[in-house]
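Novice: Got a structure for you, questions after.
Any read-out appearing in this document is the output of simple, stated calculations on the displayed coordinates, not a laboratory observation. Source: prediction; values computed, not measured. All Cβ positions, even for glycine, are placed from backbone atoms using ideal geometry, and neighbour counts span all protein chains on display.
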Amino acid sequence: MDPEVLADAYSKEGDTLAAARKYGEAIALYDRAIEVHPECCEAWTNKAIALRALGRNRESLACIERALDIYPSPIAETLRDRILGETGE
């Protein structure tokens, strides 16, 4: 299977779990998406959102920075700004 298609499937499954507030399980799926396709900006961004929901802001920020390295998404930029504002970094 194409790595991008597989990563998208893992990411969408992660989104479903994140919507159900099963953040740990969602992060595991985002990690699988990243493993098969490291340039999956959506997986990096959504992993950051899930980590932030768990209060893991430093890890979240690292994921957002990686997502922004791949593609300058307004969603990722907004999340980065919020995390930086919350942590005072």
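Novice: Is there a quick way to get the dipole size of the chain? I mean about its Cα centre, with the Cβ of Lys and Arg at +1 and of Asp and Glu at -1; what is the value in debye to the nearest 20? Numbers along the way, then the final one.
Specialist: Numbers: 11 positive and 17 negative charges, 90 e Å.
Computed about the Cα centre, the dipole is about 440 debye.
Novice: Right, another one. For the range 32-53 and the range 61-89, compute the distance between their C-alpha centroids and round to whole Å.
Specialist: Comparing the Cα centres of the range 32-53 and the range 61-89, I get a distance of 13 Å.
Novice: Okay, next question. For LYS22, enumerate residues with amide H under 5 Å from its amide H, sequence gap 5+ or separate chain, H modeled in the peptide plane.
Specialist: Answer set, sorted by chain and number: none.
Novice: Specify which residue in the list GLY55, ALA26, ALA43 is farthest towards the positive end of the charge dipole of the range 3-87, using unit charges on the beta carbon of Lys, Arg (+1) and Asp, Glu (-1), about the Cα centre.
Specialist: GLY55
Novice: How big is the Kirkwood radius of the chain, worked out from every pair of different alpha carbons and given in Å to one decimal?
Specialist: 12.6 Å
Novice: What number, rounded to the nearest 500 deg cm²/dmol, is the helix-based mean residue ellipticity at 222 nm of the chain, given -39500 (n - 2.57) per DSSP H run of at least four residues and division by all its residues? Show your work: numbers first, answer last.
Specialist: Numbers: 5 runs with 72 residues, N = 89.
That calculation yields -26500 deg cm²/dmol at 222 nm.
Novice: Calculate, in nm to one decimal, what ALA53 and GLU65 gain on full extension: separation in residues at 0.36 nm each, minus their alpha carbon distance.
Specialist: 2.6 nm
Novice: Let me ask something additional. Does anything in the range 45-89 have its amide N under 18 Å from the 7 Å Cα→Cβ label point of GLU4, and if so which residues?
Specialist: Answer for this model: 45, 67-73.
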